Ligand code: ADP
C-alpha cells in the first residue's frame, strides 16, 4: 500500500532477519526477554540488547523504548509492549494502537526511514489476529499520512495464515481509503 511517498509492505518471514533501520520487538513489561519474537531477537542480536534493556528498567503497556540492534542487520531494536488480551473491552485496542504509534514516534525521533514490525500481541498475549491486524495497519497508515519521513513500514508475518489475515485487512483498508 502506498501512502504519499511511503509504503506499507507485508512479508512472510522472520523479524530477526530484516534489514530495515529498526525492527520492533513484541516485548513484555520487564524488557528482560521472553519467548516468541522477544526470545528470537535476543538470541540473534546478542547480549548487548539485553544489557541496554536492563539499564532502561521496563516499559508500560502501550509504550516503547529503543536500543541498539546488537548483532542484527537492523541498527536498532524498538521494544514495544502490547496488551495482554482479556475480553477486548479492557482497553486492549487503545493499548495496541499506542504500542504501534509510540514505536513509530521513536523511529521518527531517531531519524529512521524504515521499520519492521511483528504482529504485536498476537502470540502469547492472545490478541485475535484479524482485530489486531486492523488496528496495526490502521495505526501505521494514519501515522505515515502525517510523517512522510518514514519511507517503509514492513509488517513481518510468521505464518501463511497470519499473512493472509493481514493481506485481507490491508485490502479492506485500501478500499475504504
Ligand atoms: P506477544 O507476547 O506480543 O503476543 P509473541 O512473540 O508471542 O508476542 O508473538 C507475536 C507474533 O509474532 C505471533 O503472531 C507470532 O507467531 C509471531 N512470531 C514469532 N516469532 C517470530 C519471528 N521470529 N518473526 C516474526 N514473527 C514472529
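Every number in this text was worked out from the coordinates using simple rules, so none of it is lab data. If you're wondering where the values come from, they're calculated on a predicted model, not measured in any experiment.
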GNM result for the chain, Cα springs below 10 Å: residue of 98, 121, 30 fluctuating most strongly: 30
The chain: antiparallel DSSP beta bridges as a percent of all, rounded to 5: 30
Sequence-separation-based contact order of the chain, relative, with Cα cut under 8 Å and 6+ spacing, percent: 30
Percent breakdown of C-alpha pair distances by 10 Å bin, ordered from the shortest bin, for the chain: 11, 43, 38, 9, 0
